[in-house]
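One structure below.
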Amino acid sequence: MSSDDLEKYRRGGESSETPARNTGPDQATWSPRAPSERILMTLKMHGAMTSAQVGKQLQITGEAARQQLAKLMDDGLVTEERRAAGRGRPAIYWHLTEKAQTRFPDTHAALTVEILNNISAVLGDEALDKIIAAREAGTEAQYRTAMTECSDLAARVHKLAQLRKDDGYMATVEDPGDGTLYLIENHCPICAAASICQGFCRAEMEVFRAILGPGVQIERAEHILSGGRRCTYVISEVHHAEALG
């Protein structure tokens, strides 16, 4: 993915007219055009990478990428991991730190958590469940309307990825060509809310099942709240014989 592609991706996931919400000084300096921010986006999208791999993604030299990564490490935004690579020096892979995660939209995490805690404390868990159910119903209706012209599973999954990207989840689809599709969400803009109420994650899974259809199997292979780098959903059609079994 080139730097231009990263810029296009960000514009697809967030309107270029509306910058990411700021929750602190780190987010206030967000600029997707800056080389350092493109590197952060690359690591967010692809996970741990070497400087050479980062350079290839951004169409710059590995040395230029390494220099930017070194600056980001000085700022506490990335950290390095040395992995044995046969003979010779170990390969250095770069990871995002927790501090770097604040550069990505979090939908006013602190306020969201406070509101949800107050709802639970004052009105009870039943009221919180009703709020989650209402959000689920609204999301399902919105997604179902957007998919009226999607004729097959692949089209629906790609449309779902676009809808999720529009909602800030940095979603992509991988298709290995074996009939299985992977819906990948590289970011969770409601992670703070979901961390105190797993009902949000359950509701989203139910939305996926509802709009993709009864003949579709969906499994969550990676989960951010369970320590994963991203949320990955394995999607495939259920054949009639399997359904009977």
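The values are calculated or read from the model by the stated rules, or taken from the named source; none is laboratory data. Because the structure is predicted, anything quoted here is derived from the model rather than measured. Glycine gets a Cβ as well: all are built from the backbone with ideal geometry, and neighbour counts include every protein chain shown. What goes into the accessible areas is simple: the full protein's heavy atoms, side chains included, and nothing from ligands, DNA or RNA. Shrake-Rupley method; radii C 1.70, N 1.55, O 1.52, S 1.80 Å.
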Q) Which pairs have Cβ atoms under 8 Å, sit 6 or more apart or on different chains, and link a residue in the range 63-91 that is β-branched (Val, Ile, Thr) to one that is surrounded by 11 or more Cβ atoms within 10 Å (Cβ to Cβ) and part of a loop (DSSP other than H, G, I, E, B)? A) VAL78/THR97; THR79/THR97
Q | Tabulated pairs, the range 219-240, first polar (S, T, N, Q), second open to solvent by less than 40 Å² (accessible area, probe 1.4 Å) and part of a loop (DSSP other than H, G, I, E, B), C-beta under 6 angstrom, 6+ apart or interchain | A | SER236/THR180
(Q) Suppose we keep only residues that are touching a residue at least 12 places away in the same chain (Cβ under 8 Å) and assigned to a helix (DSSP H, G or I) within the range 143-158. Which one would you say is most open to solvent (accessible area, probe 1.4 Å)? (A) ARG144
Q: Name the single residue, out of those in the range 66-92 being more than 14 Å from ALA48 (Cβ to Cβ) and loosely packed, with under 11 Cβ neighbours inside 10 Å, that is modelled with the lowest pLDDT.
A: GLY86
Q. Restricted to the range 46-102, and to residues that are in contact with a Lys or Arg (Cβ under 6 Å, 6 or more places away or on another chain) and among the small types (Gly, Ala, Ser), which residue is farthest from SER36 (Cα to Cα)?
A. ALA91
Q) Does the range 159-174 contain any residue that is more than 27 Å from MET41 (Cβ to Cβ), open to solvent by 10 Å² or more (accessible area, probe 1.4 Å) and either of a type in the set (Lys, Arg) or at pLDDT 95 or above (or both)? A) no
Q. Only one of THR112, THR61 is under 20 Å from the mean Cα position of the chain (by Cα) and either surrounded by fewer than 15 Cβ atoms within 10 Å (Cβ to Cβ) or modelled with pLDDT under 85 (or both); which?
A. THR112
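One line per residue, one yes/no per condition, for (1) of a type outside the set (Val, Ile, Thr); (2) open to solvent by 50 Å² or more (accessible area, probe 1.4 Å):
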position: THR180; (1), (2): no, no
position: ILE184; (1), (2): no, no
position: ILE190; (1), (2): no, no
position: ALA194; (1), (2): yes, no
position: MET205; (1), (2): yes, no
position: GLN217; (1), (2): yes, yes
position: LEU225; (1), (2): yes, yes
position: THR232; (1), (2): no, no
position: GLU237; (1), (2): yes, yes
